[in-house]
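A.B. asks: Attaching a single structure in structure tokens format; questions to follow.
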Amino acid sequence: GTVPVIAIDGPTASGKGTVAARVADVLGWTVLDSGALYRLSALSALKKGVADTDENALADIARQLDIRFQDGKVLLDNDDVTEQLRQEHIGEMASRIAPLPPLRDALLERQRAFRQAPGLVCDGRDMGTVVFPDASLKIFLVADVDARAQRRYNQLIEKGFSANLGDLLKDLKTRDDRDQNRSVAPLKPAADAIIVDSSGLDISQTVDRILTHWRNLG
Ligand code: C5P
């Protein structure tokens with residue numbers, strides 16, 4: 001049969017990435033952080049001096065990305081960009097270029113190539129709606145914006161970056177708004193998605209919920 005997919009979509013800083021990685025780890029499946037592909041496209045465009053409005057040049061960049069995911073690190077043109085990718089200005093630029101259809105098309109096949117046996121856990125905005133519409137399980141992971149801002153703040157401080165809670169909150173609201181209201185592949189739950197609210201849950205509780213939904217399918 002086809003390779004099973006667990007699709008986890010949701011807004012910025014809802015904990016999708018961490019949760020997807022843990023679920024994949026428990027199941028022994030491949031993981032795809034699709035946001036990283038948008039961030040890598042943004043970073044590569046910055047490096048090459050390509051404007052964030054030049055949709056065809058951005059699509060070329062996305063098609064030509066020389067990337068490797070290994071041991072929890074992300075390499076772009078053989079450079080370790082793991083930390084750089086997480087920076088706010090990269091996420092911000094990713095969300096500005098993400099609405100461009102030629103870029104999304106260029107990334108579509110790259111994302112689908114991650115579907116390998118025994119299974120794939122992926123996270124993003126449109127995993128369940130566009131990239132893997134036949135996913136076995138679709139989770140829409142939400143958390144209220146204050147909880148998300150606080151989590152993002154804690155992550156940045158922990159990594160030694162400086163951060164301002166008010167600025168992060170403002171940035172999250174802008175990103176939510178942009179991701180939900182764009183005309184192509186907007187952030188929204190698939191019709192058959194299960195909504196999980198992680199506001200009052202820690203990571204392992206959220207992971208357990210998702211694994212329970214998965215096991216209940218079988
Ligand atoms: O998930 P992350 O914050 O790393 O994603 C960065 C940006 O990339 C998002 O704000 C969103 O605009 C875009 N994105 C997307 N579709 C995805 C994943 C990310 O449009 N599947």
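The values are calculated or read from the model by the stated rules, or taken from the named source; none is laboratory data. Note that the structure is predicted; figures quoted are calculated from it, not measured. Methodologically, a virtual Cβ is constructed for each residue, glycine included, from the backbone with ideal geometry; neighbour enumeration extends over all protein chains shown.
A.B. asks: What are the pairs with Cβ atoms under 6 angstrom where one residue, in the stretch 23-37, is at positive phi and more than 13 Å from the ligand (Cβ to nearest atom) and the other, located anywhere, is modelled with pLDDT under 95 and among the basic types (Lys, Arg)? Sequence gap at least six, or different chains.
C.D. replies: The qualifying pairs do not exist here.
A.B. asks: Name the single residue, out of those in the stretch 132-190 being closer than 19 Å to Ile203 by Cα and acidic (Asp, Glu), that is surrounded by the fewest Cβ atoms within 10 Å (Cβ to Cβ). Outline the logic, then answer.
C.D. replies: Our first condition is that a residue be closer than 19 Å to Ile203 by Cα; within the stretch 132-190, this holds for 137-159.
Now narrow it down to the ones that are acidic (Asp, Glu): 144, 146, 158.
Working: Asp144: 13, Asp146: 12, Glu158: 8.
Going through the qualifying residues, I end up with Glu158.
A.B. asks: Given (1) farther than 27 Å from Leu165 by Cα; (2) among the β-branched types (Val, Ile, Thr); (3) surrounded by 20 or more Cβ atoms within 10 Å (Cβ to Cβ), where does Ile67 come up short, assuming only one miss?
C.D. replies: (3)
A.B. asks: Under the condition of being without any contact (Cβ under 8 Å) to a residue 40 or more places away in the chain and more than 30 Å from Asp167 (Cβ to Cβ), which residue from the stretch 77-107 is nearest to the ligand (Cβ to nearest atom)?
C.D. replies: The initial filter retains those residues of the stretch 77-107 that are without any contact (Cβ under 8 Å) to a residue 40 or more places away in the chain, namely 77-80, 82, 89.
In the following step, the residues that additionally are more than 30 Å from Asp167 (Cβ to Cβ) were identified as 77-78.
Numbers: Asp77: 19, Asn78: 22 Å.
Only one residue tops the list, namely Asp77.
A.B. asks: Suppose we keep only residues that are assigned to a loop (DSSP other than H, G, I, E, B), within 16 Å of the ligand (Cβ to nearest atom) and charged (D, E, K, R) within the stretch 172-216. Which one would you say is nearest to the chain's Cα centre (by Cα)?
C.D. replies: Lys188
A.B. asks: Something else now. Starting from residues that are surrounded by fewer than 22 Cβ atoms within 10 Å (Cβ to Cβ) and part of a helix (DSSP H, G or I), keep the ones in the stretch 108-131 and report whichever is farthest from the ligand (Cβ to nearest atom). Walk me through how you get there before you give the answer.
C.D. replies: First, the residues of the stretch 108-131 that are surrounded by fewer than 22 Cβ atoms within 10 Å (Cβ to Cβ): 108-119, 130.
Pick out the ones that are also part of a helix (DSSP H, G or I) and you get 108-112, 130.
On the way: Leu108: 10, Glu109: 14, Arg110: 11, Gln111: 8, Arg112: 12, Val130: 8 Å.
Ranking the candidates gives Glu109 first.
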